[in-house]
Amino acid sequence: MAINYYWTGYKPEFLGHIAETPAVEHCLKLIQEQNPATVMEVGIGGSQFMEQLMGFHSGDYIGVDGTQSFIDFGKSKNIPRTSYVCGLMGKAEAPVADLIYLRHVLEHNPDLNECARWLAEHTRRHVLVVNFLDWLPKGESLHIGRRRISCTNRSRRIFVDTFRDNGLTLQGDWVFRQPKLFERVLLFAK
Ligand SMILES: C[S@@+](CC[C@H](N)C(=O)[O-])C[C@H]1O[C@@H](n2cnc3c(N)ncnc32)[C@H](O)[C@@H]1O
């Protein structure tokens, strides 16, 4: 059944423009070090991360997104050892993975506690979060081209406390500043 939510109707190409950043490269390095048997990505967008990951990761990849067109785009690449779930973090039934990666996704979800609970239930070891909240001047919205993206601004403290309350402990915290993009990487362990 098709899901109707904020991202319904977006095309994968829309999300390709800020895919390779120092924060993403750092995450790829962390994943390489951890060498998880299964990586699950929540909010796959235009599948750029999966393509970068496949360069060195020899385990399985599970892509989760609430937008059917993003899931279809990922599937159309026919990459071995990949599988997909169309559904919403917080609600969807999905397999358990060793590491869950998500970038620029939590800021679009108002119920952080529901997301953290779902993430804790679906990881065996780690959750790797990239967000760009601190970059937003006032935190409420962001413009990409002519489109306005709604965001919920949250401090690092809110993330750390909510994840801890759901059994996920902060293990690493890195900040990457670029002229137009300020990303924070948080690594949580179960
Ligand atoms: C800003 S895009 C980020 C895409 C990609 N992670 C990247 O770094 O380019 C947000 C993505 O998360 C997905 N998304 C947002 N909330 C979600 C949820 N609760 N469950 C599943 N997917 C979600 C959207 O459909 C969209 O693909």
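Quick notes on this one:
- Filter pass, residue 122 being of a type outside the set (Val, Ile, Thr) and either within 19 Å of residue 158 (Cβ to Cβ) or touching a helix residue (DSSP H, G or I) at 6+ places or on another chain (Cβ under 8 Å) (or both): no
- Yes/no for residue 152 being surrounded by 15 or more Cβ atoms within 10 Å (Cβ to Cβ), at pLDDT below 90 and of a type in the set (Ser, Thr, Tyr): yes
- Residues of segment 51-60 that are over 12 Å from residue 31 (Cα atoms) and surrounded by 15 or more Cβ atoms within 10 Å (Cβ to Cβ): 60 alone.
- Taking first residues from segment 100-129 that are over 15 Å from residue 44 (Cα atoms) and partners that are hydroxyl-bearing (Ser, Thr, Tyr) and not in a loop (DSSP other than H, G, I, E, B), the Cβ contacts under 6 Å between residues at least 6 apart in sequence or on separate chains come to 112/162; 113/162; 116/162.
- Of the listed requirements (1) at pLDDT 90 or above; (2) crowded, with 17+ Cβ neighbours inside 10 Å; (3) more than 19 Å from residue 94 (Cβ to Cβ), residue 63 misses just one: (3).
- Annotation note: of 62, 100, 31, the sole residue that is more than 14 Å from the ligand (Cβ to nearest atom) and of a type in the set (A, V, I, L, M, F, W, C) is 31.
The values are calculated or read from the model by the stated rules, or taken from the named source; none is laboratory data. Note that the coordinates shown come from a computational prediction; the quantities given were computed from them, not determined experimentally. Virtual Cβ from ideal backbone geometry, glycine too; neighbours counted across all protein chains shown.
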